[in-house]
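Below is one structure, written out as structure tokens; the observations come after it.
The values are calculated or read from the model by the stated rules, or taken from the named source; none is laboratory data. Because the structure is predicted, anything quoted here is derived from the model rather than measured. Using ideal geometry, Cβ is built from the backbone for each residue, glycine included, and neighbour counts are taken over all protein chains shown.
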Amino acid sequence: MIPVSVLVMTRDERAVIARCLNSAAAFDEVIVVDSASTDGTQEIAAAAGARVVAYAWNGRYPKKHEWSVAQAGARHPWQLHLDADEEITPALAEEVARLMAAGPRCAGYFITGRPIWQGHRLRFGTPNRKLVLFDSRRVHYPHPDDLAPGVSWEMEMHYQPMVDGPVGRLRQPMLHHLEKPVAALVRRHLFYARWEAHVRLNGERARLDRSDRPLRRRLKAVLREAPLTPWLVAAVDLVGRLGVLDGPPGWQRARLRIAYYRWIGRLVRRARRRGLSGQSAGAPTGREPAGADATTASAPSTPRP
């Protein structure tokens, strides 16, 4: 067995949790950190042999991943944190096993997530990398100012944990199943856009990017202020990274990414015109940025992961 504790974050994930847990079968310990699921997620997890730990957010820090590092009672210092819609590939499990057998040279590792969009595996386009495999003794999570109404959520958002030591990247990917209805994905991205606008306006984004390499930090700082960023993202995604070769599923994913960056820009510009703080900009207004489908005009303030 691989001497790593796998921690899976859940809240009403009946449809996907079994696949995630099955993919972690080679690991010595699997813990499901659950937020009061009512759809049978806890029972499915327990039947699969996972240990279920209850998490209840009090609206303050620590949020779910940080709390899990310290409070879930993991057997191993090395932890792999997953969302329930993610899947460990056999090749990734083998790579982690070799890494642990040889002795990790880094304190944490990024893993690339390859999307499965509405059942179609996307082989091109911009990958998503997350720092989810780490030595829990050498990691801490930042506490950005994001507890305001309209942007607050129990999970850490779009930032990485801070690692005390070198950081590497694994070659093999995990799979990220984006199977929820497109309307639900749009609602989720509207919420993400509100959060991102909030941390940009209150100056937190630069601090959250400190774990990036210097060149990447500078590039992201420039792109945050560039009005053509949504279209640059599209060009990189579809042309530079050949996302166009994924056909309609790839185009649909790229379209959502374009909309996400457009919403962020519009929220930031609107807040600046009105002289609002980041907190005010992030609060729900009843009128989301143009581009949202009529069926998804109001993003929930506390979406489910």
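One table, with the values for the structure above:
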item: Evaluation of T112 against (1) surrounded by 15 or more Cβ atoms within 10 Å (Cβ to Cβ); (2) assigned to a loop (DSSP other than H, G, I, E, B) (one fails), failing number; result: (2)
item: Helices (runs of 4 or more DSSP H) wholly inside segment 148-226 containing at least 2 residues that are surrounded by 20 or more Cβ atoms within 10 Å (Cβ to Cβ), at pLDDT 90 or above and under 17 Å from the mean Cα position of the chain (by Cα); result: 182-201
item: Yes/no for L82 being in the same structural domain as R11 (by TED's automatic domain parsing), within 23 Å of E13 (Cα to Cα), aliphatic (A, V, I, L, M) and not in a loop (DSSP other than H, G, I, E, B); result: yes
item: Which listed residue, of I44, I116, I31, is within 16 Å of the chain's Cα centre (by Cα) and hydrophobic (A, V, I, L, M, F, W, C); result: I116
item: For R19: the one exception among (1) touching an Asp or Glu at 6+ places or on another chain (Cβ under 8 Å); (2) buried (at least 23 other Cβ atoms within 10 Å of the Cβ); result: (2)
item: Test: A259 is under 30 Å from H140 (Cα atoms), in a helix (DSSP H, G or I) and at pLDDT 70 or above; result: no
item: Flag for A97 being closer than 22 Å to F27 by Cα, free of Cβ contacts under 8 Å to residues at least 12 places away in the same chain and of a type outside the set (V, I, T); result: no
item: Lone unmet requirement of (1) in contact with a Phe, Trp or Tyr (Cβ under 6 Å, 6 or more places away or on another chain); (2) farther than 25 Å from A36 by Cα; (3) of a type in the set (D, E, K, R) for E154; result: (2)
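Conditions tested, residue by residue: (1) more than 21 Å from L238 (Cα to Cα); (2) basic (K, R); (3) assigned by TED's automatic domain parsing to the domain that holds G168.
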position	(1), (2), (3)
A91	yes, no, yes
E94	yes, no, yes
R98	yes, yes, yes
R105	yes, yes, yes
Y109	yes, no, yes
R114	no, yes, yes
H120	no, no, yes
G125	no, no, yes
K130	yes, yes, yes
